[in-house]
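What follows is calculated from the coordinates using simple rules that are stated; it is not laboratory data. No experiment lies behind these values; they were computed from the predicted model shown. All Cβ positions, even for glycine, are placed from backbone atoms using ideal geometry, and neighbour counts span all protein chains on display.
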Amino acid sequence: MKRYFADRPIQSKLLICFLPILVLSVVLTGFFSYLSSSRQLKENAFYALSDTTHQTALFMNDKFMTIFEQLVRLERNDALGSILSGEGQTAEQHRYDDLIELHKQLDDVYHSYFQMIDSIFVAFNNGRSFNLQQEYVPRQVHIDLDGWLKRYNTSKKGYYWLNSHKDTIFETVEQRKVMSSFKMIGTESSPVSGIVLINLRESYFLDIMENVNISPGGTLVLISPEGALFSKELDKGYELSRDTITALRNSTAGSGSFSTDSKEGRKMAIAYNTLPLNHWVLAAVVPEKDILEGANRIKYITLVIMVFILIVVSLAAAVVARNLSNPLRYLSKQVKRFERGDFTVSFALDQHNEMGVLARGLSGLLASVVQLLDKVRSEQEKKRQIELQAMQAQIQPHFLYNTLSSIKHLIDMNERQRASTMVSALTSYFRISISKGREIIPVREEMEHVRSYLMILNIRYSQEFDYEIKVADELLELPILKLTLQPIVENAIYHGIKNKHGQGHLSVTGYREGDNAVFEVYDNGHGISEAKLSQLRASLQSDTAAYEAITYGLWNAHMRILLHFGNSYGLQLDSEEGVYTRVKVYLPFANKAKGESADA
């Protein structure tokens, strides 16, 4: 870390020293302010939810209590008891009086609380039943009394509550949903049994729940053992899981609040309260995003203020740091240009302080480096020329000996025409090899040199391979290093085609590709293994060549191209063992190498 800081520019050091403290203090202040406000908002929201739920639960419990009192009043009605027990059956007048009294009681209850009550139903196991409803005409009124007696036999006092459900007693054309409070009288085995039931309007209690303002995305839910009634459906991403509903239904605490996740994992806040009368749970369910909406506004305001302060201070610090570091930055930029090879840079700086001394020292150093580079470049050029001449001196005597031997053999066999052709090709080969001492020749001469070489070898090897040379006319006068393609062709024959069973084929093609001239040497010989190909590609990137002939020839050609034309050019190898080998030579199109002309 210390080294990293030491390597930073002066301007960066100044900014690194002063900005982090300010940034950290502003960010921490904003962060803790947001945390505090969001925590306080959550606490306030939970408190408000709990209070709202408590008040709503008391209100709804009061409504349920009113209905329950009417149910008890009906159940304890003397006329109902008389009808149920069979008393008064001996006296016709008493029986009618009881019926009139019961109907009067039903009508009184219904009309006193018609806003809440949907219908009233009374039935006995002797087949007698009574009902009251006025807003619809049921198609059928019936009840499976035995089924109800079997299902509801858990309460000692026989009182039961049903949450929102389809009304199965009063069957109407349109499906209706009601809530029910009822009293089961007797059991299946009792000689006398029956039911007294009051159906409540679901819409009435939904109105109560809907009028309670929870949050834009929140809802109230009334949970009972057999179901749940929502004031409005939650959005899909905020639907409560079955486990959450079950936990609320089985809650032993009278009230409370907690956080949970929706089915899709989004945070939800829940406050609940238990109705004392029927032990149903009224819960307020709110997405936490609604609760934290205020905190988000605070967060965005704080963030805007933080960004504004940071921008102002950063700009001020940057201006001061820039003015202090401008001379150093100028010198640094010039040094980088020099490192990239631009020797025309200037370190002139009109200052008489430490920066001026440094600038004059860099100017003197630049002059010394340029002189030294020119000297090294000249020595490298001489060394490369000597290496090329040594390579040619090694290749040409051996090649000349083998060729002359082949010519003698042809003459002995009275193959004078082929011998003459071979002599002409050899003459052309050495004429171009000498080239009056030139290192750069036109592509046309290089191709003639390659053609002569291939003609000689084709005759020597009794035409065991055929060859093709095809170069675009626009490339023929381009400058190329002498002996660029001949070592590649030689490798193709000796390491590719000679190891192949059957007729071989070699092609030399040249074409333009964008700003590059591309020369491609292709053979269908033995090919190169993947491991050897990787080794050859790596050798082209090395500063020294291996002693293997194939590696040295390719490396030498590649390095000569790099030295003359730059790192963007050179050789590219591609091969598949047993199938082919392709070597591409990339050269600049219509450029001269180091200012030399093709005719020099």
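With respect to the chain, whose longest principal axis is taken over its alpha-carbon atoms, helix 92-112 is tilted by about 40°. Relative to the dominant Cα principal axis of the chain, helix 293-339 is inclined by about 10°.
Report the Rg/Rh value for the chain, based on alpha-carbon coordinates and the Kirkwood definition of Rh.
Values: Rg = 51.5 Å, Rh = 35.9 Å.
Rg divided by Rh gives 1.43.
Take each peptide in 447-460, 42-55, 138-151, count the other Cβ atoms within 10 Å of every residue, and average; sorted highest first, the result is 447-460, 42-55, 138-151. In this structure the amide hydrogen of Thr172, modeled in the peptide plane, comes within under 5 Å of the amide hydrogens of Arg139, none closer than 5 places in sequence on its chain. Ordering Leu132, Ile169, Asn77 by the projection of their Cα atoms onto the charge dipole of the stretch 76-201, which places +1 on the Cβ of Lys and Arg and -1 on the Cβ of Asp and Glu, puts Ile169 at the extreme positive end.
Farthest towards the positive end of the charge dipole of the chain, among the residues Pro276, Ser575, Ala123, is the Cα of Ser575, using unit charges on the Cβ of Lys, Arg, Asp and Glu. Just so you know, the averaged projected area of the alpha carbon convex hull for the stretch 76-201 sits at 7.9 nm². Taking the Cα centre of the chain as reference, the dipole from Cβ charges on Lys and Arg (+1) and Asp and Glu (-1) amounts to some 3040 debye.
Ranking Met65, Ile100, Gly341 by how far each Cα lies toward the positive end of the dipole of the chain (charges on Cβ) leaves Gly341 at the top.
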